[in-house]
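First comes the structure, then the notes that go with it.
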Amino acid sequence: MTAALESVVQERQFEQIDREKTCPLLLRVFCTYGRHHSLYDYQKGIFPLNEFQIYTWLDATLREITNLIKEVNPEAKERGTTFDFQLVMPDRFSSRYLCRDIGTTCCGQKSPDDEKTLNLCKFVIGDYMDVNITLPTRNQGGPMRRGGGPRYRN
């Protein structure tokens, strides 16, 4: 009985949505470089200013969303750029927000999270997506000072 129940659940998780017949949902995405937004940034209906909106479906993968983010943020197209995804959702029991990490993708490399869908991430319509974009580090050549820049010799 348990095996039959598990197979039915797995089939439903991987169902493809007919995008021609199914109305898309609005996904509000907030991107920032080097860190995620603080949950305080979402409190009391005041949201971070760097929002863009995507009309998509529950079967959209993190790779698809990464490609859409790269269209809006051209500097994020560089090979090795990582995208860390979080879902931000309202807490049912208070006026606060909660967040949950859902995956990471990398530009120019395959990731185990590439094919994760919003449905598999347990996205609920009304949740927000917070994305931390980390650009690849560049070798500056030479030792670094405490201030972060390269050390020049006279």
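Some notes on this structure:
- Net charge, residue 51 excluded, C-beta distance under 13 Å - Lys, Arg +1, Asp, Glu -1: -1
- For the stretch 49-66, Karplus couplings with θ = phi - 60° (6.51, -1.76, 1.60), whole Hz, Gly/Pro x: 6, 8, 8, 9, 10, 10, 8, 8, 10, 5, 8, 5, 8, 5, 5, 4, 5, 4
- Alpha-carbon geometry of the stretch 17-132: the Rg and the Dmax are 14.0, 42 Å, given in that order.
Every read-out reported here was derived from the displayed coordinates using simple, explicitly stated rules and does not represent laboratory data. Remember, predicted model here, so these are calculated numbers, not experimental data. Cβ: placed from backbone, ideal geometry, glycine included. Neighbour counts: every protein chain shown.
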